[in-house]
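Structure first, then comments.
The values are calculated or read from the model by the stated rules, or taken from the named source; none is laboratory data. Treat the numbers as computed from the prediction; the structure is a model and nothing was measured. Here the Cβ positions follow ideal geometry from the backbone for every residue, glycine too, while neighbour counts run over all protein chains shown.
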């Protein structure tokens, strides 16, 4: 398998000028690289007795569903505001190019559930920080956070390491 970075497309100036968007849909579209990414994250957490995988909309869902299946865990969708049909809790946050709100169902987890948080990418950490706040408010035990891509120059992974037992990223892009 080639380096996973080679399967990730860079889209300049998206969603606004100056942003180098790291698009993992090309990695997900390749069976070998998709399998490799899922296998690598599963291997990192296979002995942690994960009960639920909480994945962040939207690309995180693709990864999180496959990882939850392989770990024999349940799946928690963490979605943008107004997308979940039942009673939710919400957390607003800032990201590198705007503001947003995430929601999670009130009954998504039980206090003490061992949770793995998954998303495609960590940049400034605002999105995953909001997801962690939602899980914390419901009493979940976050065992780890996993990403395909880390943009370390934006500081999110360093900030996250203070809140999360274990942070796993499969590749990184410097200078973003």
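Within the stretch 126-153, track down each residue that is under 20 Å from residue 24 (Cα atoms) and surrounded by fewer than 18 Cβ atoms within 10 Å (Cβ to Cβ).
152, 153
Let's see how each residue does on (1) closer than 18 Å to residue 77 by Cβ; (2) part of a helix (DSSP H, G or I); (3) touching a strand residue (DSSP E or B) at 6+ places or on another chain (Cβ under 8 Å):
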residue	(1), (2), (3)
107	yes, no, no
111	no, no, no
120	yes, no, yes
133	yes, yes, yes
139	no, no, no
143	no, no, yes
147	yes, no, yes
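Could you check the stretch 12-33 and list, in sequence order, the residues that are free of Cβ contacts under 8 Å to residues at least 24 places away in the same chain and touching a helix residue (DSSP H, G or I) at 6+ places or on another chain (Cβ under 7 Å)? First the steps, then the outcome.
Of the residues in the stretch 12-33, the ones free of Cβ contacts under 8 Å to residues at least 24 places away in the same chain are 12-14, 17-18, 21, 23, 26, 29-31.
Matches in the stretch 12-33: 26, 30.
Name every residue in the stretch 1-56 that is at pLDDT 95 or above, more than 27 Å from residue 142 (Cβ to Cβ) and part of a loop (DSSP other than H, G, I, E, B), in order of residue number.
29, 30
Among the residues of the stretch 82-97, are any touching a strand residue (DSSP E or B) at 6+ places or on another chain (Cβ under 6 Å) and part of a loop (DSSP other than H, G, I, E, B)?
yes
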